[in-house]
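First up is the structure itself, then whatever we jot down about it.
What follows is calculated from the coordinates using simple rules that are stated; it is not laboratory data. In this text the structure is predicted, and so the values were computed from the model without any measurement. A quick note on method: Cβ atoms are made from the backbone with ideal geometry, for glycine too, and the neighbour counts reach across all protein chains shown.
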Amino acid sequence: MNAETQQDHPLDEFSAIDGNADAGRYLAQFWQPVALSRDYVPGTAKRIKILGNHYTLYRGDEGEMQMVQDRCPHRGTSLAYGWVEGNCIRCRYHGWKFSGDGAGVEFPAETATYERSIRLDAHPVREYLGVVFAYLGGGEAPEFVRYPELEDEDAGELVSMSVTLPYNYFQRVENDVDEVHIYYVHREFMASFGLVDLPRITAKETDYGLVCTTARSDGSKFHTHLHMPNAFLREAAIGQDKDNLAIHAAWRVPIDDVSTLSVMIDRVKNYDPAARESEKEMIDPTVIAERILAGEYTLEEIDQTHPLLPVIQDTVAMAGQGLVADRKAENLGQSDRALGLLRRIWSRELKALREERPLKSWQRSPGAKLPMFEAAPDAESVAAAVDAGVTPANS
Ligand code: FES
Ligand SMILES: [Fe+2]
């Protein structure tokens, strides 16, 4: 991060996740992405931090992912620096060994009668489209939400990525329903698709969260689907494919109060070979953003072919709000109505959580794809519909 090392604004009900805060407890009730599958070959263990807590995430020798508490119950070192043995993890300090479900297996320097009930907290894990998801909320895990849009192999190549963002996660969630920013922060991407006029924005709550619909003067529409609490899905212009909109899903998961794990899964139609090549030498996009925020150079001066240029642009905008945005000092307008709806929904659910009342059960119809882009109706069909006295669907 730039010179700031402390949070620079007070946390609010959306941004505070550490220390058993309401938003952290709420997020923990959903499956969350925690890592990329490709970063864990069999036998790999790593220490990760999610929702304010450390965990040991490892892949057993047979390939199964496991997620357990990080702290060894003997004397508290991190288990992530231990050895993976089969489906178990052995602590490197004094050799205690636990299975993936948390059960104590060996206590080598202890007597045969040593307390066998010592175990780890273990968390359900599953892999989906190249991403490791975990459920950290305790009790039975909810049903896993699948995205048929991302499973469609005809829609392009599957590309899964993650970046660590140097600011509070809720700024990133809010940005996912902020259509206007696209026309400024990512201006050149939109312009390359001829999308230059600012749209009319509407938003409504749905069974899975909310949909933000943006209608343009040519009659085309984009639908952005925010899946409660912190995932979104839309078609997006990205650097890897200059000719087609990609199907783009992203989850914004708090690491702690001032940093965020952003996990993205895309379906990219024509992956540009030059973009793929440049990814091998990619400088971390947030490092570039930090240098811009530190005044070392401008957004115009950086490599415009960086494969994650949109991430750099977004990071400058959102880290520019501060490590934690000050929502009390804002002036919102009608173009922020999707943001307003998002906050109202979140506030309602957090209030219910605090008061121990039932929460809304968010769901998607299994297998049904959500509409994302509606092309402008062609002139002939509009004329025919008008002749027939029918209101065109896109009007
Ligand atoms: S701290 Fe893990 S075995 Fe001693
Ligand atoms: Fe953006």
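In percent, how large is the relative contact order of the stretch 31-128, given Cα pairs closer than 8 Å and 6 or more residues apart?
On the way: 202 pairs, mean separation 20.6, N = 98.
After rounding, I find 21 percent.
Give me Val132, Val185 ranked fewest to most by other Cβ atoms within 10 Å of their Cβ, as a rough exposure proxy. The partial results should precede the final answer.
Numbers: Val132 23, Val185 19.
The most exposed by this proxy come first: Val185, Val132.
Relative contact order for the chain using alpha-carbon pairs under 8 Å, separation at least 6, rounded to a whole percent?
Answer for the chain is 18 percent.
Among Asp22, Asp314, rank each residue by its count of other Cβ atoms within 10 Å, from fewest to most, as a rough exposure measure.
Ordered from fewest to most neighbouring Cβ atoms within 10 Å, Asp22, Asp314 come out as Asp22, Asp314.
Ranking Tyr208, Tyr184, Tyr169 by Cβ neighbours within 10 Å, fewest first, what do you get?
Tyr184, Tyr208, Tyr169
With +1 assigned to the C-beta of every Lys and Arg and -1 to the C-beta of every Asp and Glu, and no other charges, what is the dipole magnitude of the chain about the Cα centre in debye, to the nearest 20?
Approximately 1240 debye in magnitude.
At most 16 other Cβ atoms within 10 Å and a DSSP loop assignment: could you name the trypsin sites (Lys or Arg not before Pro) in the stretch 130-196 that fit?
Listed in order of number, the matching sites are Arg146.
Mind jotting down the distance between the C-alpha centroids of the stretch 280-309 and the stretch 75-115, whole Å?
Computed from Cα coordinates, the inter-centre distance equals 43 Å.
If the reach is capped at under 24 angstrom between alpha carbons, list the lysines near Lys360, excluding any in the same chain fewer than eight residues apart.
Output for Lys360: Lys204, Lys351, Lys369.
If r is the Cβ-Cβ distance from Arg354 to Glu205 and R0 is 22 Å, what FRET efficiency results, to the nearest 0.05?
About 0.60, to the nearest 0.05.
Loop-only GluC sites (Glu not before Pro) in the stretch 35-132, please: DSSP not H, G, I, E or B, and at most 10 other Cβ atoms within 10 Å. Before the final figure, lay out the partial values.
Numbers: sites: Glu62, Glu64, Glu85, Glu106, Glu110, Glu115, Glu127; in loops: Glu62, Glu64, Glu110, Glu115.
Hits after loop and neighbour filter: Glu62, Glu115.
Which of the GluC sites (Glu not before Pro) found in the stretch 258-347 are in a DSSP loop and have at most 12 neighbouring Cβ atoms, other than their own, within 10 Å?
Within the stretch 258-347, the qualifying GluC sites (Glu not before Pro) (loop, at most 12 other Cβ atoms within 10 Å) are Glu281, Glu296, Glu330.
What fraction, in whole percent, of alpha-carbon pairs in the chain exceed 32 Å separation?
Details: 31127 of 77815 pairs.
Counting pairs separated by more than 32 Å, the tail of P(r) holds 40 percent.
If each of Glu157 and Lys328 carries a label point 7 Å out from its Cα toward its Cβ, how far apart are those two points in nm?
Here the modelled spin labels are 4.9 nm apart.
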